[in-house]
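Participant: Have a look at this one.
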Amino acid sequence: MKKYVYLFTEGDATMRELLGGKGANLAEMTKIGLPVPQGFTISTEACTQYYEDGRMINDDIMAEIMANVAKMEEINGKKFGDLKNPLLVSVRSGARASMPGMMDTILNLGLNDKVVAAMIAGNPDPKFERFVYDSYRRFIQMFSDVVMEVGKKYFEELIDKMKAEKGVTYDIDLTAADLKELAYQFKAEYKKQLGKDFPDDPIEQLNAAIRAVFRSWDNPRANVYRMDHDIPYSWGTAVNVMPMVFGNLNNNSGTGVAFTRNPATGEKKLMGEFLINAQGEDVVAGVRTPMPISEMEEKFPEAYKQFVTVCDQLENHYRDMQDMEFTVENGKLYMLQCRNGKRTASAAIKIACDLIDEGMITEQEALLQIDAKTLDMLLHPTFDAAALKAADKTNVVGTGIPASPGAAAGTIVFTAEDAVKYGKAGKKVVLVRLETSPEDIEGMKFAQGILTVRGGQTSHAAVVARGMGTCCVSGCGDIKMHEEEKYFELAGKIFREGDALSLDGSTGKIYDVIIKTVPADPNSGYFGRIMKLADKYKALKVRTNADTPKDAKRAVELGAEGIGLTRTEHMFFGPGRIDKFREMICSEDKKERERALDAIEPMQQEDFEGLMEELKGMPVTIRFLDPPLHEFVPTLEADIELLARAKGKTTQEIKMLCEGLHEFNPMMGHRGCRLAVTYPEIAVMQTRAIIKAAINVQKRHPDWNVKPEIMIPLVGEVKELKFCKDTVVSTADAVIKEAGAKLEYEVGTMIEIPRAALTADEIAKEAEFFCFGTNDLTQMTFGFSRDDASKFLPSYYAAKIYESDPFARLDTTGVGKLMKMAVTLGHETRKNIHCGICGEHGGDPSSIEFCHAIGLDYVSCSPYRVPIARLAAAQANIKNPRK
């Protein structure tokens, strides 16, 4: 019979897929002898079965859970519902990939009125009575919110009302009698909201809690997080049930979160936070601002000493920076969780380099430790030094905890919804919250920075912001917040929605002005070292998509080894050029068109020379004109009049010409190589400009090997490629001969139509290289427009038809099959054909891994994604070395 439930003594770290990250690490900590409360893990396969059974836990799995409850009771010498020695447990999620705050947790499960009364009767200490009622009211609130989905706001309003009545600020200042009253108010609220009594039976509570954790795998915030982090829905979550240890027992107890190294900077120094007389949720939720971990040594010297030893033991065991949750109950240490810690990109590369130097890991292991996507964070702006110095003198209005480094400047918003709305409209906003919750994740994605009143470096806001590379300042307790009214008070000033704010995530400073930002300069120190290591181990070349010398220069600085795509159409929109191009479009015969093209040619040549100069002899692939001509026609009346005068026509005639260019389905219309077939003179002009540019650059730099690659787009039939190639070759050879120069060039094609992939063996007879344009290949394979897909794709994600955006993450099943086929067929015809990818997927790590596997020669991506692609290419080759 299949096993679905495992005691902590039955697992280890290798069982991550089955037990989830948390369960596997609890088992591993148990195995190496650390103090872990002994419970059990319900496997990820049980979660999958729960969904297959229509969101029900079937009888067989339920029986196995109950058998393990009995074993847990026996191991711990406590029983559910027992009035002498009651068992209280926590029920926590734990997917195989870390998803902090995205799923649900229930603490103190097993309490009811009888157990509470019996516990208090057995311990006359009035402080113990307060602890019991504190645990009870927390459990009722958490169970109501997480399991029964009664909004927590109802309970928070009751707490706030009680504190106001008693004249206190913090929950900890409420007495046992206050908390007892709150517990009964909570139960009354539960009945008011749900029309039934709060469940007293601990087994009924446990069953409902396990279902709630399984259900939370499919909650909106978990779905958003999974899509952003490429975590498959099919993985499911495990559930960990373990006996409670109580950090809120008394003032000789507490709870904390710690990292073996600083997750923001990578410094090798224990960093974390601790709260006396509190439960773990208080630290993570940021409800109270905690003390630094170093102060724990004064309060609990023995437990602290043991904890430091455990930290060293765990880091040496896992050979990576650890993130740990722990509780001290009556001076005794218990470990509740460990995992490889989330970290900023700068911390990740420092830690990786330090671990190599410490002899703990190899260079390859170091590269695999870094999440390639996070390198993006290092390339974001910082504050201009002079502007920051000026602002430091007059504009600092407060300081919080520097929770996630970077610089943010924008106007204030108070809700995640507003952050999304203004962010999508292109406005820079700073999200200001009392504390963030996982529901805010969408808004956090669109904010330049996040400021919270509560919480520390391990609060939800801090962890999520670091993961996104977003600047965050947390725990600014000086702020007096009025969230409902959308304003806050700080330093004697009132800040309203739309007011200016800047945050420094490295110092925690808050400014009341917009401070100028400057691009980051990552090419030094640890970053440079990691990039050199990436280049040492990668097999794929990394090129860039660049249309201007400025973009090309930045890409080369970031390690690009060539240009994989220059979109020549972007060059036509410059001043003085678009007018000439429009004249060409509206020409009625070839001679007229050629006259207009003659005026454009030197401009194109100048552009190409600029690109080739920046690339210093590295490959430059230039794509011929691709979009349909109607995209270039004027729409403003003044532009139409200008064109009419230039062509000697009436505005009405120009409007009729422009309307005639419009198509029902332009993405599949008169574009790409079809333009070169209809108007070969466009291809002639572009060829002349490319070849002349290459000759000039080669003359200026005889030691460079200038060899332009001319790319014909949207080919679906070998004969149309041959037609276009013949035009290119006859033109290029004539220009080279006329110049008396020696120059090699290549003519290839973009594979972006499924038919091109299917007939790649034929197309390779003419093409000297293939470049996969996966943006178009994806939309033509799926049969939907990338411009319109956003209208219906959310419904597909909700229905789990697609788990990720096929335009962001390569569809390796369908589109990938076409690519693999094209590479194989192309090499059968032309042994030395080189193949690359230049769609948006060229900068996506999971897509790069696939490109490596099918034997591409290079990937090409936007300049700022070049470092990501270099690291991802190295990781792909380390995991799956090229023969």
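Participant: Tell me, yes or no, whether segment 467-476 has at least one residue that is at pLDDT below 90, out of contact with any Gly (no Cβ under 7 Å at 6 or more places or on another chain), open to solvent by 50 Å² or more (accessible area, probe 1.4 Å) and not polar (S, T, N, Q).
Facilitator: yes
Participant: Of all residues in segment 381-424 being of a type in the set (S, T, N, Q) and touching a residue at least 12 places away in the same chain (Cβ under 8 Å), which is farthest from C471 (Cα to Cα)?
Facilitator: N395
Participant: Shifting gears a bit: Quick one: how many residues across segment 96-136 are open to solvent by less than 30 Å² (accessible area, probe 1.4 Å), closer than 18 Å to K79 by Cα and in a loop (DSSP other than H, G, I, E, B)?
Facilitator: Summing the residues that are open to solvent by less than 30 Å² (accessible area, probe 1.4 Å), closer than 18 Å to K79 by Cα and in a loop (DSSP other than H, G, I, E, B) in segment 96-136 gives 3.
Participant: Can you find, within segment 615-666, the residue that is nearest to the chain's Cα centre (by Cα) among those that are polar (S, T, N, Q) and within 30 Å of V747 (Cβ to Cβ)?
Facilitator: Looking at residues that are polar (S, T, N, Q) and within 30 Å of V747 (Cβ to Cβ), I get T621.
Participant: Could you please give the count of residues in segment 371-401 that are closer than 18 Å to M321 by Cβ and at pLDDT 95 or above?
Facilitator: Adding up the residues that qualify gives 0.
Participant: Considering each residue of segment 828-869, count those that are more than 18 Å from the chain's Cα centre (by Cα) and touching a residue at least 40 places away in the same chain (Cβ under 8 Å), and give that number.
Facilitator: 19
Participant: Only one of G426, G456 is surrounded by 24 or more Cβ atoms within 10 Å (Cβ to Cβ) and part of a loop (DSSP other than H, G, I, E, B); which?
Facilitator: Matching residue, one of G426, G456: G456.
Conditions (1) within 23 Å of L109 (Cα to Cα); (2) of a type in the set (D, E, K, R); (3) open to solvent by less than 30 Å² (accessible area, probe 1.4 Å), marked per residue:
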| site | (1), (2), (3) |
| --- | --- |
| R226 | no, yes, yes |
| P232 | no, no, no |
| A238 | yes, no, yes |
| V241 | yes, no, yes |
| L249 | yes, no, yes |
| T255 | yes, no, yes |
| G266 | no, no, yes |
| K269 | no, yes, no |
| G272 | no, no, yes |
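Participant: Of all residues in segment 396-415, count the ones that are of a type in the set (A, V, I, L, M) and open to solvent by 10 Å² or more (accessible area, probe 1.4 Å).
Facilitator: Final tally of qualifying residues: 5.
Participant: Let me ask another. Checking the structure you have, find out if any residue of segment 505-516 is open to solvent by less than 50 Å² (accessible area, probe 1.4 Å) and either polar (S, T, N, Q) or out of contact with any Ser or Thr (no Cβ under 9 Å at 6 or more places or on another chain) (or both).
Facilitator: No, because not a single residue in segment 505-516 is open to solvent by less than 50 Å² (accessible area, probe 1.4 Å) and either polar (S, T, N, Q) or out of contact with any Ser or Thr (no Cβ under 9 Å at 6 or more places or on another chain) (or both).
Participant: Sort out which residues of segment 320-359 are closer than 20 Å to V308 by Cβ, over 28 Å from the mean Cα position of the chain (by Cα) and open to solvent by 20 Å² or more (accessible area, probe 1.4 Å), and write them in order of number.
Facilitator: Of everything in segment 320-359, those that are closer than 20 Å to V308 by Cβ, over 28 Å from the mean Cα position of the chain (by Cα) and open to solvent by 20 Å² or more (accessible area, probe 1.4 Å) turn out to be E329, N330, G331, K332, Y334, E358.
Participant: Ok, one more. Could you tell me whether any residue of segment 485-498 is more than 26 Å from the chain's Cα centre (by Cα), within 22 Å of N395 (Cα to Cα), among the aromatic types (F, W, Y) and open to solvent by less than 10 Å² (accessible area, probe 1.4 Å)?
Facilitator: Yes: one or more hits.
Participant: T41 fails exactly one of the following numbered conditions: (1) β-branched (V, I, T); (2) closer than 16 Å to V89 by Cβ; (3) in a helix (DSSP H, G or I). What is the number of that condition?
Facilitator: Here T41 meets the rest and fails (3).
Participant: Name the one entry in A462, A520 that is under 22 Å from the mean Cα position of the chain (by Cα), more than 18 Å from V429 (Cβ to Cβ), in contact (Cβ under 8 Å) with a residue 40 or more places away in the chain and surrounded by fewer than 20 Cβ atoms within 10 Å (Cβ to Cβ).
Facilitator: None of the other options fit; the residue is A520.
Participant: Give me the pairs: first residue in segment 719-741 and within 17 Å of R623 (Cβ to Cβ) and open to solvent by 20 Å² or more (accessible area, probe 1.4 Å), second residue at pLDDT 95 or above and small (G, A, S), beta-carbon distance under 7 Å, and six or more apart or on different chains, which are they?
Facilitator: T727/A683
Participant: Turning to a different aspect of this structure: Taking only segment 71-95 into account, find how many residues are part of a helix (DSSP H, G or I) and either free of Cβ contacts under 8 Å to residues at least 60 places away in the same chain or within 23 Å of A118 (Cα to Cα) (or both).
Facilitator: 5
Participant: For segment 738-748, indicate whether the set of residues that are farther than 21 Å from G816 by Cβ and part of a helix (DSSP H, G or I) is non-empty.
Facilitator: Checking segment 738-748: at least one residue is farther than 21 Å from G816 by Cβ and part of a helix (DSSP H, G or I).
Participant: How many residues are closer than 24 Å to A756 by Cα, open to solvent by less than 30 Å² (accessible area, probe 1.4 Å) and either at pLDDT below 95 or not in a helix (DSSP H, G or I) (or both) if we restrict to segment 824-854?
Facilitator: Qualifying residue count for the region: 12.
Participant: Conditions first: (1) at pLDDT below 95; (2) not in a loop (DSSP other than H, G, I, E, B). E435 passes all but one, so which condition is the exception?
Facilitator: (2)
Participant: Under 9 Å between Cβ atoms, at least 6 apart or on separate chains: pull out the pairs that start in segment 564-593 with a residue that is modelled with pLDDT under 80 and open to solvent by less than 40 Å² (accessible area, probe 1.4 Å) and end on any residue that is of a type in the set (S, T, N, Q) and not in a helix (DSSP H, G or I).
Facilitator: M571/T548
Participant: Quick check: anything in segment 137-150 assigned to a helix (DSSP H, G or I), open to solvent by less than 10 Å² (accessible area, probe 1.4 Å) and of a type in the set (S, T, Y)?
Facilitator: yes
Participant: May I ask you to list pairs of residues, at least six apart or on different chains, whose Cβ atoms are under 6 Å apart, with the first in segment 533-559 being aromatic (F, W, Y) and the second being crowded, with 24+ Cβ neighbours inside 10 Å?
Facilitator: What qualifies is Y537/A874.
Participant: For A520, are the conditions met, namely being closer than 25 Å to P713 by Cα and part of a loop (DSSP other than H, G, I, E, B)?
Facilitator: no
Participant: Just name the residue that is surrounded by the fewest Cβ atoms within 10 Å (Cβ to Cβ) out of those in segment 33-70 that are small (G, A, S) and in contact (Cβ under 8 Å) with a residue 12 or more places away in the chain.
Facilitator: Top of the filtered list is A67.
The values are calculated or read from the model by the stated rules, or taken from the named source; none is laboratory data. None of the values given here were measured: they were computed from a predicted structure. With ideal geometry, Cβ positions are generated from the backbone for all residues, glycine too; neighbour counts draw on all protein chains shown. Note: areas computed on protein heavy atoms with side chains; ligands, DNA, RNA excluded. Shrake-Rupley method; radii C 1.70, N 1.55, O 1.52, S 1.80 Å.
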